[in-house]
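Accompanying notes for the structure given below.
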Amino acid sequence: MILRQNHSRNLAIFESKFELASLDPLGWIVSLVGCSIDWLLTRNWVKILFVAVPTFLLTILTGLVWWGGGIDQDTIAEKYELLGRAETSGWEGKLVEHFTSNKQKKDGTDQRQPASEQEAGQESPSSADVVSQAEQPGQAEQAEQPESQPAEAEGKRPEYMVSQYGELLFRRVQLVRPTDESQFVVGTTLIQRGAIAQGQKILRNIAPDDKVGLPKAHAIMALSYLLQYTKTQDPELVTLLTHHSEASIPWEHTPKDVLYLAGDINWQKRNVDRALEIFQTAAERYPDLYPFLSQRYTEAKKSDQAKAATESGINYYKGLLEKNPTDAKTRVMIAQLLGSSPEALAEAEELLRQAPEGTSEDQALLTRTISEIYRVRFSNYVRSLEGEKPTDHSLLDKALEIDPENPLVGDQIAMLVRDRLDPSKKLQKHLKDLLDSGKASPTTHAIMSEFYLARKQEATDNGRIDEASRLTAEAIKQLEAVFKASPMAVKYSNNLAYLYMESNRLDDALKTARTTLDVLQRSGMQGAEHVDELLDTLGWIYQKMDRSTDAVSAFELALRFNPNRIDSREKLAALYRKLGNDGVAEAHEQAIEAIKKAAQEKAEQEKAEKEKAAQEQSIENSDQPAENQQPESAQQPANESKSDEVPTDPSADPAASPGDSP
């Protein structure tokens, strides 16, 4: 049985091997060919070819059209762009000139003058706020738009706008194959027409809000956001302004206002080196910024760079004066840059008096500047007395005589009154007339408010209640004038709110404090100096109005800006105990003790350091030969000079006050 099974298996294996060996591949191929020939012979090829050939040709033609169309679009787009570039040749320069200078053309003044020009009665932007810088280009563009409409109605556009033909060419490029240039031209044109959102949408393709793209597109985006910021005061736009203004710097035609904005934002963020680098770039491209650059270098305590910037500015303006000797503004700028030393002031006066007779406006400017020279001389004279009362007021009298309308003469008289330096009767009468007429500057009102507050404190300390009440009313009157002109002057807004509160005018006090805080918040300036004092005053106002919860919020916010305010913590501790929250009250009381202890330790350390320094100086002096010892005053540099401390704006940082320059 087993043998039979093995035989069957071996036979099956043999048969399978025989079948594989008998396969004939060539036979398969012959059979396939024969089948194909039979199939071909049995088809009606006339009908098949009649349908297939056109289909094949159409397919080939479609592919060729598609391939050639792509090549043709690139060629057409390139041709349109070349024609467009030829049509818009020089347009970018006109565009920048429009954005940069049409404000100057409007009012005849340069809006980017150094702070010292404020002393000559000229407008100048404050670096304390992004808004004050942002307003200028936006306002300029807004003011210029109506002027361009009649020209467009006649079929002719202003030079700073792309011609209709040029715009048409770049719009064709946009339709065929968009390029960076076409998007820049079309987007910018839309923004110039007022379609800001549409223009920004196109420019955002080449100048994104979150990364660096085409620099010149970033410049236009910065200007458009600047315009929106002036209208909305939206703090979120500041981030976009910062990004686009920074990204636009590499473009050689970046408008002056955008460069200034980029530098000023860095300056406010205390990125001083970066800010100065941007200002230096701006001055190299726009030499009229050298005076401002010199001022910034001075504030950064970089005297060598400040001197170099001043010399560059003088050379630039002297070159302009050689080309146009009748330009009064150029003479004034040179006079400002020469400095406040006696020799420089004499040279400046001579330069101004040599000016040929011009328009009444030019003569008024020259007169104002010469008046300032005499005021600065008087200011230097007062400082040289080191606190003693001046007996000679002739220089200030001369300044007043030359230009009775000079507001800084009023400021100077107010400072004499405040410092009890006994100005002459003539000067006192001028100050009184100035205040009564309502023509006094906010600075004059601010200085007089300080004078009345100091006298009020003296009267209060000596028990003269009626006199203190009268002086309070006078101080309120002066502070109201300051608040009306500059609600962001936190120090004076705080003084006004406090006096209102003290006079039991709580609604007026609350309105004043809230208005200033709201303006600061809209401008992104919540961290301005004296804000903690204003918030403390606000908390006190709420406390007097029996609004304890609001008072707590105000005091807590004041501590966020200045955690070492002992008076705010004391008021908070009392309020928390009143509200039944003894734990928080104890925490504030412990913090007060810690602050006092730290202050005491610091004072003792400083005292020890002073005593050690004095002892070392005494030993050093005792080791010197008697003939080598000089009085301390003799060791002072003979040419040491100080800057004029008259502020041009009550909200300005005293550290950034302008120098004594006419």
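The values are calculated or read from the model by the stated rules, or taken from the named source; none is laboratory data. For clarity, every value in this text was computed on a predicted model and none was experimentally measured. Neighbour counts run over all protein chains shown; Cβ positions are idealised from the backbone, glycine included. Just so you know, the surface numbers come from the protein's heavy atoms only, side chains and all, with ligands and any DNA or RNA stripped out. Shrake-Rupley method; radii C 1.70, N 1.55, O 1.52, S 1.80 Å.
Residues in the range 493-547 that are open to solvent by 20 Å² or more (accessible area, probe 1.4 Å), of a type in the set (S, T, N, Q) and at negative phi: 6 in all.
Residues checked against (1) over 30 Å from L479 (Cα atoms); (2) modelled with pLDDT of 85 or more; (3) open to solvent by less than 90 Å² (accessible area, probe 1.4 Å):
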{"position": "K578", "(1), (2), (3)": "yes, yes, no"}
{"position": "H588", "(1), (2), (3)": "yes, yes, yes"}
{"position": "A594", "(1), (2), (3)": "yes, yes, yes"}
{"position": "K610", "(1), (2), (3)": "yes, no, no"}
{"position": "P662", "(1), (2), (3)": "no, no, yes"}
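Of the residues making up the range 257-308, those that are touching a residue at least 40 places away in the same chain (Cβ under 8 Å), among the charged types (D, E, K, R) and surrounded by fewer than 24 Cβ atoms within 10 Å (Cβ to Cβ) are D288, E299. In the list G339, G358, G319, G387, which residue meets the criterion of being modelled with pLDDT of 90 or more and either out of contact with any strand residue (DSSP E or B) (no Cβ under 8 Å at 6 or more places or on another chain) or over 30 Å from T239 (Cβ atoms) (or both)? After ruling out the rest, the residue left standing is G319. Looking across A21, A12, A52, one residue alone is hydrophobic (A, V, I, L, M, F, W, C), open to solvent by less than 100 Å² (accessible area, probe 1.4 Å) and modelled with pLDDT of 65 or more. It is A52. Residue check: is Q615 open to solvent by 60 Å² or more (accessible area, probe 1.4 Å), over 30 Å from E556 (Cβ atoms) and either out of contact with any Asp or Glu (no Cβ under 8 Å at 6 or more places or on another chain) or touching a residue at least 40 places away in the same chain (Cβ under 8 Å) (or both)? Against the criterion (open to solvent by 60 Å² or more (accessible area, probe 1.4 Å), over 30 Å from E556 (Cβ atoms) and either out of contact with any Asp or Glu (no Cβ under 8 Å at 6 or more places or on another chain) or touching a residue at least 40 places away in the same chain (Cβ under 8 Å) (or both)), Q615 qualifies. Taking the listed residues E405, E361, E357, the one that is open to solvent by 30 Å² or more (accessible area, probe 1.4 Å), in a loop (DSSP other than H, G, I, E, B) and closer than 27 Å to S437 by Cβ is E405, with no other qualifying. Taken as a whole, the structure leaves E458 outside the set of residues that are out of contact with any Gly (no Cβ under 8 Å at 6 or more places or on another chain) and under 14 Å from I413 (Cα atoms). Taking the condition farther than 30 Å from H445 by Cα, open to solvent by less than 10 Å² (accessible area, probe 1.4 Å) and free of Cβ contacts under 8 Å to residues at least 40 places away in the same chain, does T330 pass? It is true that T330 is farther than 30 Å from H445 by Cα, open to solvent by less than 10 Å² (accessible area, probe 1.4 Å) and free of Cβ contacts under 8 Å to residues at least 40 places away in the same chain. Scanning the range 277-311 for residues that are more than 22 Å from L223 (Cα to Cα) and not in a helix (DSSP H, G or I) yields a count of 3. Screening G387 with (1) surrounded by 15 or more Cβ atoms within 10 Å (Cβ to Cβ); (2) closer than 14 Å to M415 by Cα; (3) not polar (S, T, N, Q) gives one miss only, at (1).
With respect to A344, determine if the residue is without any contact (Cβ under 8 Å) to a residue 12 or more places away in the chain and open to solvent by less than 20 Å² (accessible area, probe 1.4 Å). Yes. Out of the residues in the range 197-207 that are open to solvent by 20 Å² or more (accessible area, probe 1.4 Å) and not charged (D, E, K, R), state the one that is farthest from H243 (Cα to Cα). Step by step, filter the range 197-207, then rank; the result is Q198.
Considering only residues in the range 492-534 that are modelled with pLDDT of 90 or more, of a type in the set (K, R) and not in a loop (DSSP other than H, G, I, E, B), the one that is farthest from T472 (Cα to Cα) turns out to be R514.
Restricting L427, L479 to those that are of a type in the set (A, V, I, L, M) and either within 30 Å of T391 (Cα to Cα) or modelled with pLDDT under 90 (or both) reduces the list to L427.
In this structure, I314 does not satisfy being open to solvent by less than 10 Å² (accessible area, probe 1.4 Å) and either out of contact with any Cys (no Cβ under 8 Å at 6 or more places or on another chain) or of a type in the set (V, I, T) (or both).
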